[in-house]
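The values are calculated or read from the model by the stated rules, or taken from the named source; none is laboratory data. Remember, predicted model here, so these are calculated numbers, not experimental data. Quick reminder, even Gly has a Cβ in these numbers, built from the backbone with ideal geometry, and neighbours come from all protein chains shown.
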Amino acid sequence: MVKKLFHFLFVSLLISSIFLTGCTAINTGKNTQEATTKNKNEKIVVGFSIGTTKQERWQKEVDIAKKFAADHGFTLLVQSCEEDPNKQIQQVQNMLSQGIDALLISAQDGDSSGVVVKMAHDAGVPVVAYDRLVRNGDLDYYLTFDNEKIGELQAKALVEKYPKGNYISILGGPEDNNAHLIKNGQEKVLKPYIDKGDIKIVTQQWSKGWDPTEAMKNTENGLTAANNNVVAVLASNDGTAGGAIQALQAQGLAGKVGVSGQDADIAALQRIVAGTQTSTVYKPTQILNTTAMELIYNLAKGDKKAVQNMVSGNIQHGHVGKVNNGTKDVTTFLMDVTTVTKDNIMSTIIKDGFHTMD
């Protein structure tokens, strides 16, 4: 760690003008070139870089990760760039200067984050992408949900109730690879209905940053184009679903038009119970997060046997596969997902303790 620290303190003198600007940090407490096994008395430090803490999901993610770190006795540095990809790169530089042993990153912009992998590898630090793929870099591992499956479940939940009519398609952030995979899954299910002429997509628009306000405007555009003759809004997550439902409410259509989602946010579950949202997709982030923290911890302490055991497929509630990021086929942990409707909230979300009845 001393060698890494010296190296990055030297580099920091050259790039100090951008090095420490705008960091939002929370402190709890190698390239598969795995990190060298650490002395038992030497404290392990893991960096966790995320894109936002504004969404309910990511607030929960930080809490889960902090608890894992506390339970396992290592230091976790968490930094949120609040949707600024340039700030995220600066924050990673900051964490590397502090001598982190491994980096877990949820990239705000998958295309521009490839440089982060090179910076980390130059310091002998392994990098794991968390939920959002880092493209065009020699990434070590990737953990996510099966995003095409999410898109399929969203579309299936709607076509089962609304097999004919006009649909508005509200996509996620174009900068997020997951949004494209979700779109692929949605279209796989919708294609037969579209080909038969049963379903027509009247408008399809991206919502940059998964912004609910942008989703509301996109829904308004669709309603205008179809003269309010719409049976369903295929919204790509619960935030965009919320924006879509605002637009529907303004036209007196909330509860009359089907709306999909994902993330199982509390607000979305309340809307499902109230009848204004049809479904969401439950992604057990507790499982994804804990699996990621276990992997990054094993990498940080150089436990190659434990890492290989996980890579061999010894994980619960998912499987190991490959995802190409433009540079390589990255070993990827793909976790299972579930459709949630009014009929199974109790047997999924509440049973797992993801949310309570309070």
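Inside segment 1-111, counting only strands (runs of 3 or more DSSP E) that do not spill past its ends, which hold 1 or more residues that are more than 20 Å from residue 304 (Cα to Cα), among the aromatic types (Phe, Trp, Tyr) and at pLDDT 50 or above?
Those strands (runs of 3 or more DSSP E) span 45-50.
List every residue pair whose Cβ atoms sit under 6 Å apart, with the two residues 6 or more apart in sequence or on different chains, where the first one lies in segment 259-282 and is in a helix (DSSP H, G or I) and the second, anywhere, is β-branched (Val, Ile, Thr).
268/280
Could you list, in sequence order, the residues of segment 286-320 that are in a loop (DSSP other than H, G, I, E, B) and buried (at least 18 other Cβ atoms within 10 Å of the Cβ)?
If we filter segment 286-320 for residues that are in a loop (DSSP other than H, G, I, E, B), which is where we start, we get 301-303, 312-317.
Answer for segment 286-320, where residues must be in a loop (DSSP other than H, G, I, E, B) and buried (at least 18 other Cβ atoms within 10 Å of the Cβ): 301, 302, 315.
I'd like the full set of residues that are out of contact with any Lys or Arg (no Cβ under 7 Å at 6 or more places or on another chain) and farther than 19 Å from residue 101 by Cα, limited to segment 135-150.
Selection gives 135, 136, 144, 146, 147, 148, 149, 150.
Quick check, is residue 252 in the same structural domain as residue 215 (by TED's automatic domain parsing), outside any helix (DSSP H, G or I) and surrounded by 17 or more Cβ atoms within 10 Å (Cβ to Cβ)? Please lay out each step first, then the result.
Details: in the same structural domain as residue 215 (by TED's automatic domain parsing): yes; outside any helix (DSSP H, G or I): yes; surrounded by 17 or more Cβ atoms within 10 Å (Cβ to Cβ): no.
No.
Hey, can you tell me all the residues within segment 157-186 that are surrounded by fewer than 17 Cβ atoms within 10 Å (Cβ to Cβ), touching a strand residue (DSSP E or B) at 6+ places or on another chain (Cβ under 9 Å) and assigned to a helix (DSSP H, G or I)? Reasoning before the result, please.
Step one: list which residues in segment 157-186 are surrounded by fewer than 17 Cβ atoms within 10 Å (Cβ to Cβ), which gives 160-161, 163-164, 174, 184.
Those still in the list that are touching a strand residue (DSSP E or B) at 6+ places or on another chain (Cβ under 9 Å) too: 161, 163-164.
Hit for segment 157-186 is 161, nothing else.
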